[in-house]
Amino acid sequence: MKYDHWLKAQKVCVIGAGTMGSGIAAHLANIGFEVVLLDLSLEAAEAGLDRARQARPPHFFTHQKADSISVGSINENLGSIADSDWVVEAIYENLDAKRKLFAEIEPILSPEAMITTNTSGLEIGSLADGLSPSFQERFMGTHFFNPPRYLKLLELIPTQTTDPEAVKAVSKFLEERVARRVVVAKDTPGFIANRFGMWSMFNATHVTERLRLCIEDVDVITGPFLGRPRSASFRLNDIVGLDIMLDIANHLRERCPTDPFIGALQAPKSLTTLISKGWIGDKAGQGYYKKEGKELVAFDLQTMAYRMRRESGYKSLTELKDKPLGERIRLAMMERDEVGEFLRLYLVPTLRYAAYLKQEISHSVADFDHVMMWGFGWEKGPFGLIDAIGAEHLGIEEEPFYKDGMARSFEGKYVSIPKSSEYKPLTEYKVLESMEGFNVRDLGDKVHAICLTTKMGTLNPALVIALNEFVESSKLKRFVFTSEARSFSAGYDLRFFADRVADDDFAGMEEALKQLQSLATKFSERASVAAIFGHCLGGGYELAARCSIIAALAETQIGLPESKVGLIPAGGGTALMRLRNQATGAKGLSEVVLRLTSGVVATNADEARLLGYLRPTDVVVYHPDRLIHDAKHLALKAEPRVEEELVPMAGPLSGMIDTLLSQRRQRGEFTEYDEQIGLKLKTVFSKASSFDDALERERQMFLDLAGRQMTILRIKHMLDNGKALKN
């Protein structure tokens with residue numbers, strides 16, 4: 001295929017350093033592309049990059065990623081386009097301006113390069129009018145979602161003149177290299193996400209105003225209860241930006257005059273009021289919600305003023321929340337309370353609108369559903385939800401949209417849904433054994449997965465003993481160690497240690513630590529890959545770090561935060577940090593002690609590599625849905641890891657650690673008790689004569705700290721409040 005070379009693209013030129021352009025540049029730099037960011041002037045490009053550096057949530061994984069982006073002006077640096085493999089246009093939403101830019105860059109553009117626009121509302125086909133056939137056949141829309149780092153959906157919009165082979169090649173490139181989930185959408189106003197998603201957001205606001213409900217009550221209804229993120233409705237409005245919402249709505253109303261439902265995109269009173277005051281959401285510091293100190297206050301739709309948030313206590317939500325998604329929504333819709341009334345006025349019309357729009361804006365109901373699942377975080381898209389609730393309860397005269405693993409086409413036939421093994425979720429692999437706290441699944445090719453099943457992947461004595469026995473007795477030669485929870489592992493069950501201290505059972509505590517250390521050693525003796533995501537903390541990290549390779553999802557928080565509860569890592573973590581950093585000498589080891597004393601946790605996998613939690617041989621997985629696939633393929637080639645010998649550290653190490661701890665305490669960064677924890681770490685680092693000796697010393701230091709009142713207070717505070725106590 002003539003576009004095969006696109007899969008090897010490395011240099012990207014992003015034109016336009018606004019919110020989306022700088023966000024796209026950040027995402028591409030994060031995952032390893034060579035990125036040039038251009039704007040009207042060098043100053044504008046630098047300002048856009050600076051905004052991306054300061055964005056919250058952060059656009060960049062590390063400062064080094066931001067520093068890798070080159071900036072320039074369109075007028076003076078158009079030469080950057082000539083040797084770019086992909087040019088992404090992301091200037092402001094103006095048809096004439098975009099056309100003028102494309103006419104200007106066409107003579108410079110490499111005939112081998114991809115060229116796309118990031119418009120979210122303009123007709124893609126009209127942007128390339130008058131340009132050469134070569135340009136038009138490889139031109140299409142790439143609608144990223146904001147912020148690009150965090151939202152995995154990308155709508156790909158070809159035009160009538162785009163080469164179908166180019167569409168296939170770009171789709172593959174975006175999936176495999178740009179770490180996005182791609183849905184090919186029709187070139188219609190707003191595509192799928194904005195046309196339907198924005199209508200749903202406006203409809204929720206209108207119904208809330210009509211029923212005179214509180215915004216926090218509606219957010220309780222439209223969050224996890226409906227299978228949606230906690231941002232629900234009004235928090236989502238603030239995240240998107242009220243000005244952006246209104247711009248998109250106005251554009252859709254202008255371009256869709258024959259849509260009988262388009263009136264829902266008229267601005268609600270509350271939206272108009274907030275925008276008139278400049279309170280346009282998170283980027284302005286306030287919108288439907290506002291942060292006052294540590295409190296989040298809510299905008300009252302009746303008084304049009306902020307007030308303290310109210311706790312919602314709908315009985316029907318509490319009674320139904322544990323039922324399957326479709327059943328709980330169906331039953332809630334029947335309730336004669338505010339929940340039922342809201343769902344009848346909001347959800348029913350929203351799902352009917354999806355049924356009305358489906359063929360106009362999408363190629364299949366599966367594509368439509370994927371957009372809402374991948375772009376908006378819905379558990380089920382509208383058609384999956386209609387099937388789950390029952391079309392007859394919604395007044396929708398349709399046969400089931402899904403049946404026997406197939407989807408109903410617009411012609412009424414059931415067709416297979418394209419699936420790729422790269423994105424197969426862990427739960428779809430066959431369970432071979434179910435044990436206490438973990439499952440064993442068959443990943444194929446003689447690779448198995450040991451999957452934690454406890455809440456947040458938390459470790460406990462019974463689970464560790466069961467894992468020890470299973471690994472010891474099984475004939476697994478290579479495996480993936482992962483979790484079926486929302487996070488890989490939040491660490492060891494802290495309550496166990498609190499209970500052991502209360503019972504004065506330090507022998508039981510030491511035995512639990514020995515079992516954890518033993519399990520970690522067994523992992524190191526086998527060809528194993530730890531597939532980590534979400535959180536990989538404490539004991540969970542200590543096990544993962546002993547595997548042959550760690551495959552870490554990019555957004556994983558990784559580290560050893562034991563000091564925050566007055567302890568030190570004692571499942572092999574302290575010994576391992578001592579061993580793996582010994583080549584850095586006394587200075588490097590001293591800095592590691594400071595990090596462990598601080599309990600520093602990396603906010604992402606690239607930062608974890610800089611902090612020493614990931615080795616050079618460990619792998620960061622940037623695609624949010626490919627972790628298990630990539631981990632399995634790493635396991636096929638993995639070999640048991642042979643650690644080097646721990647070398648006793650003579651010389652100034654002990655004194656250097658003392659000095660650094662003292663300096664941190666004098667600056668107020670460490671408390672007296674933090675310093676004592678650091679001295680326990682120093683004992684392991686400076687006195688261990690071998691790795692086994694380091695393991696024994698970390699256990700003894702852990703037990704010593706566990707019985708101290710300051711540690712007991714830290715543990716209690718963490719258990720009671722979920723936050724660290726700095727005593």
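The values are calculated or read from the model by the stated rules, or taken from the named source; none is laboratory data. Keep in mind that what you see is a predicted model, and the values were worked out from it rather than measured. Reconstructed Cβ throughout: ideal geometry from the backbone, glycine too, with neighbour counts over all protein chains shown. The accessibility values were calculated without ligands, DNA or RNA, using every heavy atom of the protein model including side chains. Shrake-Rupley method; radii C 1.70, N 1.55, O 1.52, S 1.80 Å.
For a 31 Å ceiling on Cα separation, which of these pairs sit above it: Lys380/Lys475; Lys65/Lys637; Lys522/Lys723; Lys283/Lys323; Lys8/Lys65?
Details: Lys380/Lys475 39 Å; Lys65/Lys637 29 Å; Lys522/Lys723 33 Å; Lys283/Lys323 37 Å; Lys8/Lys65 20 Å.
Check vs 31 Å cut-off fails for Lys380/Lys475; Lys522/Lys723; Lys283/Lys323.
How large, in percent, is the carbon and sulfur part of the accessible surface of the range 94-171 at a probe radius of 1.4 Å? Could the numbers behind the result be given before it?
On the way: 1450 of 2820 Å².
Summing carbon and sulfur atoms, their accessible area is 51 percent of the total for the range 94-171.
For the range 154-222, calculate the relative contact order in percent as a whole number, restricting contacts to Cα pairs under 8 Å that are 6 or more residues apart. It would help to have the intermediate numbers written out before the result.
Working: 37 pairs, mean separation 20.0, N = 69.
Relative contact order here is 29 percent.
The label point for Tyr414 and the one for Glu46, both projected 7 Å from the Cα toward the Cβ, are 6.3 nm apart. Residues of the range 112-144 falling in the label zone of Arg255, defined by backbone nitrogen less than 11 Å from a point 7 Å along Cα to beta-carbon, are 119-127. Placing +1 on the Cβ of every Lys and Arg and -1 on the Cβ of every Asp and Glu, with nothing else charged, gives the range 120-187 a dipole about its Cα centre of roughly 440 debye. Debye-formula intensities of the range 554-690, expressed as log10 I(q)/I(0) at q = 0.11, 0.16 Å⁻¹, are -0.46, -0.87 (one equal scatterer per alpha-carbon, no solvent). The modelled label-to-label distance between Asp442 and Asp720, using points 7 Å beyond Cα along the C-beta direction, is 5.1 nm.
With r defined as the distance between the Cβ atoms of Tyr92 and Lys269 and R0 fixed at 30 Å, what FRET efficiency is calculated, to the nearest 0.05? My answer for the efficiency is 0.60. Over all pairs of different C-alpha atoms in the range 336-443, the reciprocal of the mean inverse distance, the Kirkwood hydrodynamic radius, equals 16.0 Å. Using 0.36 nm per residue and subtracting the Cα-Cα separation, the extra length available between Lys514 and Glu555 on full extension is 11.7 nm. The phi torsions of the range 272-281, fed into the Karplus equation with coefficients 6.51, -1.76 and 1.60 and a -60° offset, translate into couplings of 4, 4, 5, 5, 4, 8, x, 8, 9, x Hz, rounded to whole numbers, with Gly and Pro shown as x.
So, by mean Cβ neighbours within 10 angstrom, what's the order for 167-180, 136-149 with the highest one leading? Before the final figure, lay out the partial values.
Details: 167-180: 19.8, 136-149: 23.1.
Per-residue mean Cβ counts within 10 Å order the peptides as 136-149, 167-180.
Taking a cut-off of 19 Å between Cα atoms, list the aspartates and glutamates near Lys632, but don't count ones fewer than 8 places away on the same chain. Of all the aspartates and glutamates, those that pass the test against Lys632 - Cα under 19 Å, at least 8 places apart if same chain - are Glu175, Glu176, Glu422, Glu428, Glu433, Asp442, Asp445, Glu484, Glu525, Asp618. Annotation: amide H of Ser483 within the under-5 Å range of Leu452, sequence separation 5 or more or interchain, hydrogens built in the peptide plane. Under 5 Å between amide hydrogens, built in the peptide plane, is the criterion, and for Tyr306 it picks out Asp300 among residues at least 5 positions away or on other chains. For Met710, the solvent-accessible surface with a 1.4 Å probe is about 70 Å², rounded to the nearest 10.
Applying both filters, DSSP loop and at most 16 other Cβ atoms within 10 Å, to the chymotrypsin sites (Phe, Trp or Tyr not before Pro) of the range 389-491 gives Phe410.
With a simple spin-label model that places each label point 7 Å from the Cα along the Cα-to-Cβ direction, the separation between Arg615 and Asp504 comes to 4.4 nm.
Taking 0.36 nm per residue of separation and subtracting the Cα-Cα distance, what length does fully extending Arg344 through Gln64 add? The partial results should precede the final answer.
Details: separation 280, 0.36 × 280 = 100.80 nm, distance 5.05 nm.
Here the segment from Arg344 to Gln64 would lengthen by 95.7 nm.
Neighbours of Arg180, meaning other residues whose beta-carbon lies under 14 angstrom from its beta-carbon, give a summed charge of +1 when Lys and Arg score +1 and Asp and Glu score -1. Give me the aspartates and glutamates in straight-line cross-link reach of Lys100: C-alpha distance below 19 Å, same-chain residues under 8 apart excluded. Correct list for Lys100: Asp39, Glu76, Glu89, Glu123, Asp129, Glu137. Per-residue 3J(HN,Hα) values for the range 153-168, derived from phi via the Karplus relation 6.51 cos²θ - 1.76 cosθ + 1.60 with θ = phi - 60°, read 6, 9, 8, 9, 10, x, 9, 5, 9, 6, 5, x, 5, 5, 4, 4 Hz in sequence order (x marks Gly and Pro).
If you take every DSSP beta bridge whose two residues both sit in the chain, what share of them, in percent to the nearest 5, is antiparallel? Don't jump to the answer; show the numbers that get you there.
Values: 32 of 77 bridges.
Restricted to the chain, the bridges split so that about 40 percent are antiparallel.
Between Val647 and Glu675, the C-beta separation translates, for a Förster distance of 25 Å, into a calculated FRET efficiency of about 0.40.
Once fully extended, how much extra length lies between Glu292 and Asp404, figured as 0.36 nm per residue of separation less the alpha-carbon to alpha-carbon distance? Please list the in-between numbers first.
Working: separation 112, 0.36 × 112 = 40.32 nm, distance 5.11 nm.
Result: 35.2 nm gained on full extension.
Between the residues Gly508, Ser171, Val339, the greatest Cα displacement towards the positive end of the dipole of the chain, with unit charges on the Cβ of Lys, Arg, Asp and Glu, is found for Gly508. Backbone N atoms of the range 37-62 closer than 20 Å to the 7 Å Cα→Cβ label point of Glu104 belong to residues 37-49. Round to a whole angstrom and tell me the spacing of the C-alpha centers of the range 86-140 and the range 180-249. Each part reduced to its Cα centre gives a spacing of 29 Å. Within the P(r) computed for the range 1-120, what percentage of the Cα pairs occupies the region above 17 Å? Summing the P(r) tail past 17 Å for the range 1-120 gives 52 percent. Qualifying GluC sites (Glu not before Pro) in the range 368-397, where qualification requires a DSSP coil assignment and no more than 16 other C-beta atoms within 10 Å, comprise Glu379, Glu397. Three principal axis extents of the chain based on alpha-carbon atoms, in descending order, are 78, 65, 54 Å.
Just the accessible area per residue of the chain, please: how many Å² with a 1.4 Å probe? Provide the component values of the computation, followed by the final result.
Details: 30460 Å² over 727 residues.
That works out to 42 Å² for each residue.
Output the 0 to 90 degree angle, nearest 10, between the alpha-carbon long axis of helix 461-473 and the longest principal axis computed from the alpha carbons of the chain. Here the helix axis deviates by roughly 90 degrees.
Couplings 3J(HN,Hα) for the range 718-727, derived from phi with the Karplus relation 6.51 cos²θ - 1.76 cosθ + 1.60 (θ = phi - 60°), are 5, 5, 7, 10, x, 10, 6, 9, 9, 9 Hz, where x marks Gly and Pro. Close amide-amide hydrogen proximity is noted between Gly599 and Ser563, each under 5 Å apart and 5 or more residues distant or on a separate chain (H modeled in the peptide plane; Pro and chain starts excluded). Given R0 = 25 Å, the distance between the Cβ atoms of Met304 and Asp247 translates into a calculated FRET efficiency of 0.65.
Note: relative contact order over the chain, using C-alpha pairs below 8 Å and six or more positions apart, is 8 percent.
Based on alpha-carbon atoms, the Kirkwood radius and the radius of gyration of the range 551-605 give Rg/Rh equal to 0.99.
Once you reduce the range 1-67 and the range 419-455 to the center of their Cα atoms, the two points are 36 Å from each other.
Of the solvent-accessible surface of the range 413-523, computed with a 1.4 Å probe and all protein chains present, 49% belongs to carbon and sulfur.
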